[in-house]
Structures are given as C-alpha cells and as structure tokens.
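The values are calculated or read from the model by the stated rules, or taken from the named source; none is laboratory data. These numbers were taken from a predicted model, which means no experiment stands behind them. Positions of Cβ are backbone-derived with ideal geometry, glycine not excepted, and every protein chain shown enters the neighbour counts.
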Amino acid sequence: MVNEELLLEAKEFFEFYKKEVGKYAKRSEKAIQVSFKELANFSHELADYVLTKPEDALAMLSLAIEELGLIKNPKVRLTEVPESQEIPIREIRAKHISQLLILEGIVRQASEVRPQVTNAKFECPQCGTIISVLQVEKKFREPNRCGCGRKAAFKLLSKELVDAQRLIIEESPEQMKGGEQPRRINVFLKEDLVDPKMEERTTPGSSVQVIGILKEIPVSMMGGGVSTRFDLMIEANNVVPQEESYEELEITEEEEDQIKELSSDPEIYKKLAASIAPSIFGYDEIKLAIALQLLAGIRKEKSDGTHARGDLHILLVGDPGVAKSVLLKFVSGIAPRARYIVGKAATQAGLTATVVKDEFLRGWALEAGAMVLANKGVACLDELEKMNEQDRSAMHEAMEQQTVTIVKANVQATLKAETSVLGAANPKFGRFDPFQPVAQQIELAPTLINRFDLIFVLKDIPGKLKDEAIASHVLREHKGSGVVPPIDPQLLRKYIAYAKQKISPELTEAAIQEIKKFYVELRNAPSMGDDLVKPIPISARQLEALVRLSQASAKARLSKKVTKEDARKAIQIMHFYLLQVGIDKESGSIDIDRIATGIPASQRSKIIIVRDTIMRLESKLGKLIPVKDLKKELEDKISEEEVDEMVDKLKRSGDVFEPKKGFVQRV
C-alpha cells in the first residue's frame, strides 16, 4: 500500500522541483537525479521514509512524478545521500539488508551488458486469465496456479527485458589498515546505469561511489535445493564516478575568468613551474617540463592514416634522496586519471592488461592494467630500473603507438593507452659515478630510453649555498610555514583542463623555421673527433618532441598559435636535456646515441678501426691474430687500454672470440 499522505508530500516536492524535472523531460531522459539534501529540507518524513524503506520510497517518488504527468515510467536516482549511510565493504552485515547504503571502491571486474527479464505475462489456456509474474530470482518463474485451479502448462504472452550488468567492487587501498586483504562485493546495475556513457565510467580500475540497496541472494546447492547461507549484493540506485578525465572536469564562469586572467600574466611559465611540487627546492627547468607534460601536445592524424602522439614522456634519473618520488606523487595527485606505480611491484599484466576467467558469464573477461587505466592521464612509474626487463618491454607499444594489444585465450583486443609517462630511476650503482659517462649509468634498454622525449639527471652534489637554501626550505616546510604555490592546486588542475579542452594550437611558419633551423644546424655541426663515424646529435624522434613541447608551451599561454617564442622555449628545454646527458667528452659534441645506446660516436669509431685492423691483419698473419700485434699496428691511433676495451666490446657483440689466451679470431 502506498502511504497517501507521503505521496501527496512527494507530489508537492516535485511541484517545487518541477523546473529541474522539466530539464530531464526536455532531453527525453527517464532517469532523474534527486538531491537527498533538498528532499530532507522539504520534508523530514519523506527523507526518513527513503532511509528506512528505500525500495518503497523510490517506487513512490517515481509514482509521484508520473501522476503529475511530467515523465512516463521515471527512475529516481539519489544524490547527496548523508554520510551516515556510508559503510566500508568489510563492515556490511545481515542487519544492513534492505537498507540504503553508500559504498566506495575500485571496479575490479565488469561483466558484459546483457538483457534480463523483470516481468512476464502468462495466459491460462483453460479460462483465459492473464497472470503477471515478477522475476526476481536467477531462475525463470512460471505461475504456480490459476484461480480456476489449473497448475501447469501456462502460455507465455510477453516478457519485459531490461539491460543489466554485474560489477565487482573492491575496497580501495586507502580504506585498509596494515596487512588487511581487500574485501569485494557484487553490484547489480540496470537500465540507464548501463548506458554506453555510464559504462565508460565503470570500466575495471575506475574509482566509484555506489548508492544502492543491499539485497540477499539465495545460493543454490548441487542437489537443487537452496542453501541456508546467502550471498550479498547491492542493487545500485546510482553510481558516481570518483575520477574525472580532463574532458569531464566542469569549469565555472568565475573560474574561467581567473584562468584567462592568469594566462595573460607574462610570468605564467615561472608560476606554472613553481606550482609543481612547491615543497621541493629548485629544479625549475624540470618542473617547467613536467608542467608542459601535463598540458601535452596535440595528437595528430598523419596523411597515411597513422597517428603522431601528443603526449610527452619524461624520465628522471637521479641519486637517492633528490625527491624524485615526491615529484611523481605530486603529479599523480594533481592529474586526473593518474596512476602511481612502483617498478618492483609492477608486472607486464599489471601495466598493460590481462585476461581472467569470468565466473558470472562462464567466459573470459579483460582486466585493464595501469597504462590503460591512465588513458588521457599520467602514468607515474617509480623505480623503473628495478622492474623485470621482460615486464618493461611491455611498455614499448603503449609509449609509442599508444595502444595495448592483447591476444590471450579467446580474447583479441586493442585497448587505448593515450598516456603520458613520467618515469624515475636510480643510476646503475645507486649513485652517480662522477668519472663515468651519465648515459652508461642508466641501466635501461636503449629501445625504452629512446621513447622518452626528455631525460633529466638529478645529481646530489654538495655546495654550501645550495645546501643552505635546501635546508631552509625543508625545515620551513616542517615548521608549517612552507612555500605557498603561486597557483592553487585546484585552480592549476582546472587551468590544465581548460587548456586541454579548448586550446588546439597550430604551428606558425616562424615556429616551423625556428625548429627546423635548430634541428639542421645541430645535426650538421662540425665535430672535433675522428670523422670516420660522425656523431648524431639529434634524431627525428627529438624533432617530434620539439613540436610537442612547442604546442604545450602555446597551451600554457592559452594561445591558438605556436609562435617563435614557443619554439624557443621548447629548444631551451631540449638543449638543457642534451647538454646534461648527451655530450661526448672526447669529441666535445652532442651525440644522441650516447643516450640511446650508451656508446658515443667516438667509441663507435674506435670499434670500427679495431675491427678493420683485425680484418687487414688476417691477410698477413692468418686467422689467429695475436693481440700484441694488433696493439703494435694501432699504437699511433689508439692507446693499449682502449684496444683491450674495444676487443672486449667486439667479444661481447659476438664479432670476435678468443680461441686461446693472447689471440683473437673473427667469428
């Protein structure tokens, strides 16, 4: 029975709420978002009824809207439910059955959307009576009997179907203490909660808040009976995504005015850099590069149908205690859809995607990994060098092609991974060796290093003035009077979102000429070393990185055009990176291969000289070449220690071997 007094109150409430409901009616939407706060302010009795008997109350609210003639068959979706109804998954007990609850957690698994019968109509062949049967259990129910006494063989006339989906929600790590195992619960979604737009927000790995009614499900036994033990599930009334991408962030008119005012500030670059991890002293160039990474370039489709990525990848390699992890943590907190991953604990499946058995559908389901979940966000990878080499190779496709292809069991899928990667690693021996080239101390595969647009080296070198400044900065933070960022983190987030949503800058001719001039001049700069192998200071990959940095620089000013100044800003950052990592001390020139492969052109040149000399000596001395003869032949060009070093390198690469001590032979 519907409580008539409460129904009248509900009608009065919707009369008062008519304008809001009208908006949904205009858009032909059946689902109406109703604020519990406004409902409680209007009538305490109605609010109490929603909390004590949620199922009846929601049906009555829908009836009130329908009787007012506003929308046919509406669905009331509650928002702003009081915090008193919030409960951790692990604390759900039998006393909570049929109550309205709020749960927060991470979507671990999502089944496919499939139709489900909610109501079926049958006709009695004997007397023609039409019997309606509500379908609430898993098993399809037929009528038990008809008024005329008939007990079986009823004719099915029609059935009502709704789209349904099952999610498994797991407690998020922040809610747990110590070594607790995360608890899970089934969530049942239907109708508008499974429409394609909503489905995007409930993909595995998304953080969600579920408002719903706790129900018990009977567990069938092997023999066909029902067990005394019941399972629990939440029938969702509303699902509120806890994470938003840049496109989904809403910006008010007031915030838009603030953003536009900020963009016209001539000091905008300094302000952006100073607002990135203000608790860390210094690193202005690196902070500016990270700010530009958050703004990103533009994803473009090339004339042949392939895509050029717009996302920037940055690698920080540094001594322990130089605040790499703090930078990563800050970025993972400020960027929407960001993921913080620690190398040692990450696997290939955890980074990309994996296939798991789905008990609900008796098939295979896809579970997305961190790079896919951070789509249109940032993946912050800490302790990159501690990752397994095989697992690290899984990142190659995600970083360059921005997709993750998985072929396992009967699942063949290509997932989007439009993700910026901010990586951090320690040098090979934990700390930088001042006497060895930086590139040789980065223990990562050349193919992976090559995919990073910028690599920054953070060295911990004592210096009185710098150390005093760092100490003062850190101690002020501990005292509680730390640096106030020029741009508030919330406004910075909105600023980046506004730039990404509204600004798509185009390269001007002046910017193109500036980048071209830098690229051509640097590649063809005269080198001081041996001309046998010319150093390659910069490759086409860095050229694309310059374009991305220039576009991000234009976005920082909310400019629709990439100017000459933007190109110069990009060149300045690129030059800073190349001088840090890519300078070949022997020849004094910049050499990109020094970063990519760890072997500079001057060394490659010496390797070629040694190899050619071995081939030349073969014609005189036969296949076995004494190392002392090799050294004698090269004494004018290369020192004895360097000959030993080059022979070692040739042995490692499999070009030569040592059949007996003191002799080498070509393979």
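Between VAL208, VAL226, the distinction of being modelled with pLDDT under 75, aliphatic (A, V, I, L, M) and either assigned by TED's automatic domain parsing to the domain that holds ARG337 or more than 20 Å from ARG114 (Cα to Cα) (or both) belongs to VAL226 only.
Does at least one position in segment 95-106 carry a residue that is over 36 Å from the mean Cα position of the chain (by Cα), in a helix (DSSP H, G or I) and not assigned by TED's automatic domain parsing to the domain that holds GLU191? Looking for residues that are over 36 Å from the mean Cα position of the chain (by Cα), in a helix (DSSP H, G or I) and not assigned by TED's automatic domain parsing to the domain that holds GLU191, one finds none in segment 95-106, hence no. Of the candidates VAL421, VAL411, VAL404, the single residue that is over 18 Å from GLY297 (Cβ atoms), in contact with a Leu (Cβ under 7 Å, 6 or more places away or on another chain) and either crowded, with 24+ Cβ neighbours inside 10 Å or modelled with pLDDT under 75 (or both) is VAL411. Against the test of being within 25 Å of the chain's Cα centre (by Cα) and either at pLDDT below 75 or part of a loop (DSSP other than H, G, I, E, B) (or both), the options ILE286, ILE298, ILE217 yield a single qualifying residue, ILE298.
If the condition is being assigned to a strand (DSSP E or B) and either in contact (Cβ under 8 Å) with a residue 24 or more places away in the chain or within 17 Å of the chain's Cα centre (by Cα) (or both), then segment 301-326 contributes HIS307, ALA308, ILE314, LEU315, LEU316, VAL317, GLY318. The set of residues in segment 521-578 that are among the charged types (D, E, K, R) and modelled with pLDDT under 75 comprises ARG523, ASP530, ASP531, LYS534, ARG541. The residue that is nearest to the chain's Cα centre (by Cα), among those in segment 327-347 that are crowded, with 19+ Cβ neighbours inside 10 Å and part of a strand (DSSP E or B), is ARG339. With respect to the conditions (1) surrounded by fewer than 15 Cβ atoms within 10 Å (Cβ to Cβ); (2) in a helix (DSSP H, G or I), VAL484 falls short on a single one, namely (2).
Inside segment 152-171, residues that are within 15 Å of SER132 (Cα to Cα) and either polar (S, T, N, Q) or touching a Lys or Arg at 6+ places or on another chain (Cβ under 8 Å) (or both) make up a count of 4.
Restricting attention to segment 79-94, the residues that are outside any helix (DSSP H, G or I) and either within 29 Å of the chain's Cα centre (by Cα) or on the phi > 0 side of the Ramachandran plot (or both) add up to 5. If you go through segment 394-423 and keep only what is part of a loop (DSSP other than H, G, I, E, B) and either in contact with a Phe, Trp or Tyr (Cβ under 8 Å, 6 or more places away or on another chain) or not assigned by TED's automatic domain parsing to the domain that holds ASN375 (or both), you end up with ALA409, ASN410. With respect to being exposed (fewer than 14 other Cβ atoms within 10 Å of the Cβ), of a type outside the set (Phe, Trp, Tyr), farther than 20 Å from VAL194 by Cα and at pLDDT 80 or above, LEU157 fits the description. In segment 643-667, the residues that are over 18 Å from ARG616 (Cα atoms) reach residues that are in a helix (DSSP H, G or I) and among the polar types (S, T, N, Q) with C-beta atoms within less than 9 angstrom, at least six apart or across chains, in these pairs: GLU645/GLN603; LYS649/GLN603.
List every residue pair whose Cβ atoms sit under 7 Å apart, with the two residues 6 or more apart in sequence or on different chains, where the first one lies in segment 447-468 and is under 18 Å from VAL547 (Cβ atoms) and the second, anywhere, is surrounded by fewer than 21 Cβ atoms within 10 Å (Cβ to Cβ) and among the basic types (Lys, Arg). From residues that are under 18 Å from VAL547 (Cβ atoms), the pairs are ASN450/ARG541.
Surrounded by fewer than 19 Cβ atoms within 10 Å (Cβ to Cβ), among the aliphatic types (A, V, I, L, M) and either assigned to a strand (DSSP E or B) or at pLDDT below 75 (or both) - does that describe any residue in segment 108-128? So far as segment 108-128 goes, yes, one or more of its residues are surrounded by fewer than 19 Cβ atoms within 10 Å (Cβ to Cβ), among the aliphatic types (A, V, I, L, M) and either assigned to a strand (DSSP E or B) or at pLDDT below 75 (or both). Of all the criteria given as (1) assigned to a loop (DSSP other than H, G, I, E, B); (2) under 23 Å from PRO336 (Cβ atoms), the one not satisfied by PHE432 is (2).
Of the residues screened, LYS11 is one that is modelled with pLDDT of 75 or more and either out of contact with any helix residue (DSSP H, G or I) (no Cβ under 6 Å at 6 or more places or on another chain) or surrounded by fewer than 18 Cβ atoms within 10 Å (Cβ to Cβ) (or both). Restricting segment 160-205 to residues that are of a type in the set (Val, Ile, Thr) and not in a strand (DSSP E or B), which is modelled with the lowest pLDDT? Residue satisfying both the conditions and the ranking: THR203. Out of everything in segment 23-51 that is farther than 22 Å from VAL240 by Cα and not aliphatic (A, V, I, L, M), what residue ends up being surrounded by the fewest Cβ atoms within 10 Å (Cβ to Cβ)? Of everything passing the filter in segment 23-51, LYS26 is surrounded by the fewest Cβ atoms within 10 Å (Cβ to Cβ). Just one of (1) within 29 Å of LEU156 (Cα to Cα); (2) in contact (Cβ under 8 Å) with a residue 24 or more places away in the chain fails for SER62. It is (2). Pairing residues of segment 551-575 that are on the phi > 0 side of the Ramachandran plot with residues that are outside any helix (DSSP H, G or I), at Cβ distances under 7 Å and at least 6 apart in sequence or on separate chains, gives LEU558/ILE503.
Residues being of a type in the set (D, E, K, R), assigned to a helix (DSSP H, G or I) and over 48 Å from the mean Cα position of the chain (by Cα): count how many of those fall in segment 614-667. Here the count works out to 10. All of (1) hydroxyl-bearing (Ser, Thr, Tyr); (2) farther than 30 Å from THR354 by Cβ; (3) in contact with a Phe, Trp or Tyr (Cβ under 6 Å, 6 or more places away or on another chain) hold for SER111 with one exception: (2).
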